[in-house]
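Student: Once you've had a glance at the structure underneath, I'll fire off some questions.
Values quoted throughout were computed directly from the atomic coordinates according to the rules given, and no laboratory measurement underlies them. Just so we're clear, the structure is a prediction, and the values are computed from it rather than from any experiment. Every residue, glycine among them, receives a Cβ derived from its backbone with ideal geometry; neighbour counts consider all protein chains shown.
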Amino acid sequence: MANQQYSGGCHCGNLRFVANIELSKTITCNCSICKKRGLILAFTPIADFSQTAGEGKAREYLFNKHVIRHQFCPNCGVEAFAFGQMPDGAKMAAVNVRCIDDIDLDTVHPTPFDGASR
Ligand SMILES: [Zn+2]
């Protein structure tokens with residue numbers, strides 16, 4: 001499956017994004033925050049991601065080693081995306097696949113990732 005452009009955002013619409021995403025490469029993670037938030041993540045190079053609404057309005061949540069900068073809406077509380085780095089230092093966006101417009105989650109088959117042990 002090739003990369004495709006998707007739009008999405010938080011629940012109330014304050015934060016919006018467009019991103020090129022390969023939906024065949026999504027993960028769920030068992031780390032403490034993904035577990036609680038139920039995130040399904042798709043990682044994409046930062047160049048393939050742009051925030052189209054609410055720039056600077058997201059609240060940021062950091063924990064553990066502060067590697068991932070979780071972005072959530074201060075109004076509706078939904079985390080639509082996060083920012084981070086690959087092991088090689090390349091800047092990435094992590095899109096919450098659940099926040100893609102009209103996404104049919106039954107067609108998404110995420111790979112479990114053992115973030116809890118990292
Ligand atoms: Zn919102």
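Student: Student exercise: in the chain, how many lysine pairs 8 or more apart or on different chains have Cα atoms under 19 Å apart?
Tutor: Close lysine pairs found across the chain: 5.
Student: Still on this model: Expressed as a rounded percentage, what relative contact order does the chain have, with Cα pairs under 8 Å and six or more residues apart?
Tutor: Details: 246 pairs, mean separation 37.6, N = 118.
Normalised by residue count, the contact order of the chain is 32 percent.
Student: With springs only between Cα atoms under 10 Å, which of 96, 20, 64 fluctuates most in a Gaussian network model of the chain?
Tutor: Comparing 96, 20, 64 in the GNM, the peak value goes to 64.
Student: Placing unit charges on C-beta atoms (Lys and Arg positive, Asp and Glu negative, everything else neutral), compute the dipole magnitude of the chain about its Cα centre in debye, rounded to 20.
Tutor: Dipole about the Cα centre, nearest 20: 500 debye.
Student: Also, I was wondering about something else. So between residue 91 and residue 36, what do we pick up on full extension, going 0.36 nm a residue minus the alpha carbon distance?
Tutor: Length gained, residue 91 through residue 36: 17.3 nm.
Student: Lone cysteines in the chain, going by a 4.7 Å Cβ-Cβ cut-off?
Tutor: 31, 99
Student: For region 4-102, compute Rg over Rh where Rg is the Cα radius of gyration and Rh is the Kirkwood radius from the inverse mean 1/r over Cα pairs.
Tutor: With Rh from the inverse mean 1/r over Cα pairs, Rg/Rh is 0.92.
Student: Another one. Region 20-42 to region 43-118: how many Å between their Cα centroids?
Tutor: So the two Cα centres are separated by 8 Å.
Student: Please report, in cubic angstrom per residue, the volume enclosed by the convex hull of the alpha-carbon atoms of region 49-118.
Tutor: Details: hull volume 9.2 nm³, N = 70.
Normalising the Cα hull of region 49-118 by residue number yields 131 Å³.
Student: Just to be sure I understand the curve: with the Debye formula and one point per C-alpha of region 1-50, what is log10 I(q)/I(0) at q = 0.26, 0.30, 0.31, 0.32 Å⁻¹?
Tutor: Cα-only, vacuum Debye calculation for region 1-50: -1.07, -1.10, -1.11, -1.11.
Student: Quick one: of the DSSP bridges fully inside the chain, what percent are antiparallel, nearest 5?
Tutor: 90 percent
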